[in-house]
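**Student:** This structure is in structure tokens; I'll ask about it shortly.
The values are calculated or read from the model by the stated rules, or taken from the named source; none is laboratory data. Remember, predicted model here, so these are calculated numbers, not experimental data. Backbone-built Cβ (ideal geometry, glycine too); neighbour counts: all protein chains shown.
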Number of protein chains: 2
Amino acid sequence: MQKTTEKKDTDLNDIMTMADNPEVIAFSGGLPDPALFPEKALAQAYQKAISQDRGVFQYHSAQGNLQLRQQLANRCQKDGQINAQAENVLITQGGQQAITLIAEMVLSKGCGIAVESPTYLGALNVFDQYQPNYYQIPLDENGMEIDKLAEQLELHPEIKLIYTVPDFQNPTGTSMSLTRRKQLADLAAKYQVYVLEDSPYRDLTYTGSQLPTIKSFDQTGHVIFISSFSKILSPALRTGWVIAASDVIGKLTELKAASDLCSPEITQRSICCYLTDNSLDQHIAQLCQNYQKKQKVMLGAIKDYFPSWAKATSPKGGFFIWVELPEKLDAGKLLIESVLPKYQVCYVPASAVYAGASKKNGFRLSYVGNSPDKIVEGIKRLGTCLKHV
Amino acid sequence: MQKTTEKKDTDLNDIMTMADNPEVIAFSGGLPDPALFPEKALAQAYQKAISQDRGVFQYHSAQGNLQLRQQLANRCQKDGQINAQAENVLITQGGQQAITLIAEMVLSKGCGIAVESPTYLGALNVFDQYQPNYYQIPLDENGMEIDKLAEQLELHPEIKLIYTVPDFQNPTGTSMSLTRRKQLADLAAKYQVYVLEDSPYRDLTYTGSQLPTIKSFDQTGHVIFISSFSKILSPALRTGWVIAASDVIGKLTELKAASDLCSPEITQRSICCYLTDNSLDQHIAQLCQNYQKKQKVMLGAIKDYFPSWAKATSPKGGFFIWVELPEKLDAGKLLIESVLPKYQVCYVPASAVYAGASKKNGFRLSYVGNSPDKIVEGIKRLGTCLKHV
């Protein structure tokens with residue numbers, strides 16, 4: 001729960017650049033496996049959408065295409081147990097723009113934000129611009145420790161936003177328990193604080209069943225749910241969405257209009273066509289099968305090649321495994337001095353995912369983007385490196 | 001040069017919504033004529049880009065596709081006399097996101113901004129969020145009055161940004177003279193203030209030849225040029241670009257990454273394919289021919305049907321004509337009470353395009369989106385309305 005606004009020494013962009021070298025086995029990026037993009041179905045969807053009528057090339061509403069918003073509202077009712085209509089949906093440029101717009105609506109310079117510790121580095125990149133006071137809430141195997149959050153909310157009325165990734169959290173892979181989801185919705189109502197529920201990995205459940213969203217327990221309109229097609233269809237669509245109370249959607253739509261007028265109609269109609277003509281759920285089932293296999297391979301290789309003091313999580317879905325190192329080790333320093341130049345492997349170091357770079361002894365591994373062989377080879381190299389520190 | 005931060009009573013979104021009713025003859029939106037979208041060529045470009053390789057569906061760099069940046073740098077060298085390389089280009093979600101990112105880089109709460117009076121309402125929507133002190137610089141037939149700008153810069157060191165639309169200005173249609181372009185670049189250097197040169201209408205020159213950009217006179221890196229494909233190809237591409245010194249591009253790229261990670265690769269590669277396989281200049285020549293004809297029709301109808309006290313500009317290109325009314329008339333009030341409900345015509349009223357809604361007696365007409373018949377009908381209705389005030 002350290003409170004700090006120091007500059008991080010590694011940012012999203014640097015890591016993206018590092019991973020660009022083809023010699024490097026990159027476990028760093030949250031990039032889906034390109035071999036699994038449904039390229040034919042997407043190509044057909046684009047062709048169909050573009051040939052419908054010339055209106056597809058025009059400006060459209062800032063809130064987004066009505067049919068797509070309806071399709072997403074239906075999907076959220078079914079999968080997230082959220083009672084949403086098209087008016088409760090805003091289309092954004094990926095989940096990232098959703099975070100940006102919500103931050104714009106809620107935050108002001110120097111306000112307080114409660115975040116998981118560690119958390120998604122792309123969200124920190126947005127929040128950092130407000131030079132906030134971070135209240136870092138620890139995670140255990142049931143997600144964010146809600147009793148510790150409650151203490152902070154009671155002590156610090158300056159907290160304006162609670163940011164959480166409740167499903168297969170980025171970067172640790174842990175999920176928030178059902179009880180805590182209810183407790184979190186109750187706390188948001190009690191303290192009149194917005195909860196940003198960021199759930200791009202939710203559909204990628206490998207074992208067990210999906211839990212209801214935090215939003216499904218929201219009685220007061222304080223929970224804002226966001227997700228995107230980046231992990232379940234294609235990141236190049238740059239299409240995410242917000243589900244919220246209609247007054248919140250109204251404010252966010254104004255901010256969206258000021259920010260970039262509207263999202264591309266061509267893309268939105270293409271996604272509508274894809275969803276109408278294909279089973280997204282069937283595609284997701286294929287992703288889950290493939291990614292679960294790779295996760296097993298990575299966890300097996302970690303067991304085989306990592307020293308026993310490196311502790312890895314075993315998530316039930318999503319993209320990531322978190323590895324905790326002994327406190328004295330700085331994973332960022334190790335990455336730049338040894339892992340990357342000598343072993344040609346890349347991960348996301350702790351400093352990038354703890355607010356204010358407040359912890360250094362850990363790293364995030366993504367298992368989805370590489371072949372099983374590359375995963376074993378990369379983990380083997382990384383294990384050799386760790387055994388020599 | 002009034003200095004104010006009052007809330008405007010009409011915003012972009014409201015106007016977009018008003019114009020949505022099919023009964024209304026909308027001269028309000030800056031929407032291109034959909035009949036002129038090169039739909040076949042764009043459909044082919046998308047098909048080609050999507051079938052190239054699976055990488056098109058993946059995340060890509062925040063700065064944008066290298067080939068597209070190279071194509072844009074070449075185009076700017078040829079047409080704008082700007083000495084730019086791919087490293088000087090950032091791809092954005094339309095020109096609007098370019099304005100948003102530049103504002104984020106340069107502005108802080110309560111700082112000063114110099115804007116043309118009137119100016120582009122979408123830019124005011126961005127700037128208003130910083131609650132700035134606006135220094136409104138009047139325009140004459142040679143664009144922004146640079147001597148008045150110089151006075152304000154000398155008096156107010158708090159001015160951090162000069163925003164201008166030098167080519168076929170939005171909303172007046174006037175263009176900045178060559179002399180003033182040079183003077184503006186010199187002032188930016190002298191006072192170390194950024195100039196945001198926003199030029200989406202530049203290529204739509206109907207008579208006379210293009211003037212060099214302000215950026216072409218920039219010796220110190222203080223001029224940031226932006227443009228977009230929205231007016232010359234299709235707004236649904238949501239693709240604009242920034243041309244600036246490489247350190248400025250570096251900062252803006254960081255802000256872009258935090259804001260929405262990257263622009264969609266599918267769109268960027270499709271534009272590359274379009275530019276490689278088609279002549280954009282030939283397409284623009286067709287747009288100019290069509291839009292110039294419509295402008296003549298509108299100016300003719302204004303002469304025939306408007307009372308003589310309504311003074312219209314005669315721009316040499318672009319989308320817009322500005323109509324100045326006698327001081328006592330409030331064009332916004334007139335729009336809501338009479339023009340829209342009784343005559344079913346829509347325009348952009350002065351209050352939306354003067355910072356702080358500081359003037360009310362004028363409106364912007366766009367002539368590009370309607371057929372000549374509709375233009376005559378709409379102007380006739382509007383003239384009848386004006387004659388009855």
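**Student:** Is there a residue in the stretch A:75-92 that is in contact (Cβ under 8 Å) with a residue 60 or more places away in the chain, within 11 Å of another protein chain (Cβ to nearest Cβ) and surrounded by 23 or more Cβ atoms within 10 Å (Cβ to Cβ)?
**Tutor:** Yes, some residue in the stretch A:75-92 is in contact (Cβ under 8 Å) with a residue 60 or more places away in the chain, within 11 Å of another protein chain (Cβ to nearest Cβ) and surrounded by 23 or more Cβ atoms within 10 Å (Cβ to Cβ).
**Student:** Consider residue A:19 against the criteria (1) in the same structural domain as residue A:323 (by TED's automatic domain parsing); (2) modelled with pLDDT of 95 or more; (3) aliphatic (A, V, I, L, M): it satisfies all of them except one. Which criterion is unmet?
**Tutor:** Unmet condition: (2).
**Student:** Within the stretch A:258-303, how many residues turn out to be part of a loop (DSSP other than H, G, I, E, B), touching a residue at least 12 places away in the same chain (Cβ under 8 Å) and either aromatic (Phe, Trp, Tyr) or farther than 30 Å from residue B:124 by Cα (or both)?
**Tutor:** 1
Let's see how each residue does on (1) in contact with a strand residue (DSSP E or B) (Cβ under 8 Å, 6 or more places away or on another chain); (2) among the β-branched types (Val, Ile, Thr); (3) not assigned by TED's automatic domain parsing to the domain that holds residue B:59:
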site: B:263; (1), (2), (3): yes, no, no
site: B:270; (1), (2), (3): no, no, no
site: B:288; (1), (2), (3): yes, no, yes
site: B:295; (1), (2), (3): yes, no, yes
site: B:300; (1), (2), (3): no, no, yes
site: B:306; (1), (2), (3): yes, no, yes
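**Student:** Can you spot a residue in the stretch A:263-280 that is farther than 27 Å from residue B:57 by Cα and surrounded by fewer than 17 Cβ atoms within 10 Å (Cβ to Cβ)?
**Tutor:** No: the stretch A:263-280 contains no residue that is farther than 27 Å from residue B:57 by Cα and surrounded by fewer than 17 Cβ atoms within 10 Å (Cβ to Cβ).
**Student:** Please verify whether the stretch B:227-234 includes one or more residues that are out of contact with any His (no Cβ under 9 Å at 6 or more places or on another chain), free of Cβ contacts under 8 Å to residues at least 24 places away in the same chain and within 12 Å of chain A (Cβ to nearest Cβ).
**Tutor:** Within the stretch B:227-234 (the criterion being out of contact with any His (no Cβ under 9 Å at 6 or more places or on another chain), free of Cβ contacts under 8 Å to residues at least 24 places away in the same chain and within 12 Å of chain A (Cβ to nearest Cβ)), the answer is no, since none of the residues qualifies.
**Student:** Any idea which of A:341, A:326, A:315 is part of a loop (DSSP other than H, G, I, E, B) and touching a strand residue (DSSP E or B) at 6+ places or on another chain (Cβ under 9 Å)?
**Tutor:** A:315
**Student:** Within the group A:130, A:191, which residue is farther than 21 Å from residue A:217 by Cβ and touching a residue at least 12 places away in the same chain (Cβ under 8 Å)?
**Tutor:** Just a single option satisfies the conditions, and that option is A:130.
**Student:** Inside the stretch A:53-68, can you point out the residues that are closer than 22 Å to residue B:57 by Cα, more than 9 Å from chain B (Cβ to nearest Cβ) and assigned to a helix (DSSP H, G or I)?
**Tutor:** A:68
**Student:** In addition: Please find, within the stretch B:93-119, the residue that is nearest to residue A:109 (Cα to Cα) out of those that are surrounded by 24 or more Cβ atoms within 10 Å (Cβ to Cβ), within 12 Å of chain A (Cβ to nearest Cβ) and not hydrophobic (A, V, I, L, M, F, W, C).
**Tutor:** B:100
**Student:** Consider the stretch A:87-109. How many of its residues are over 16 Å from residue A:193 (Cα atoms) and not in a helix (DSSP H, G or I)?
**Tutor:** 6
**Student:** Still on this structure: Filter the stretch A:207-257 for residues that are touching a Lys or Arg at 6+ places or on another chain (Cβ under 6 Å) and in a loop (DSSP other than H, G, I, E, B); which is surrounded by the most Cβ atoms within 10 Å (Cβ to Cβ)?
**Tutor:** Per the stated criteria, the residue is A:214.
**Student:** Here's a check for you: in the stretch A:133-149, which residue that is touching a residue at least 60 places away in the same chain (Cβ under 8 Å) and part of a strand (DSSP E or B) is farthest from the other protein chains (Cβ to nearest Cβ)?
**Tutor:** Among them, the one singled out is A:138.
**Student:** What are the residues in the stretch A:287-304 that are surrounded by fewer than 17 Cβ atoms within 10 Å (Cβ to Cβ) and more than 16 Å from residue A:318 (Cβ to Cβ), if any?
**Tutor:** The answer is A:300, A:303, A:304.
**Student:** Among the residues of the stretch B:239-293 satisfying the criterion of being within 10 Å of chain A (Cβ to nearest Cβ) and polar (S, T, N, Q), which is nearest to the chain's Cα centre (by Cα)?
**Tutor:** Out of the qualifying residues, it is B:239.
**Student:** If residue A:197 satisfies every condition in (1) touching a Pro at 6+ places or on another chain (Cβ under 7 Å); (2) part of a helix (DSSP H, G or I); (3) away from chain B (no Cβ under 14 Å) but one, which is the exception?
**Tutor:** (2)
**Student:** Within the stretch A:302-332, count every residue that is within 25 Å of the chain's Cα centre (by Cα) and either farther than 27 Å from residue A:142 by Cβ or aromatic (Phe, Trp, Tyr) (or both).
**Tutor:** Count: 5.
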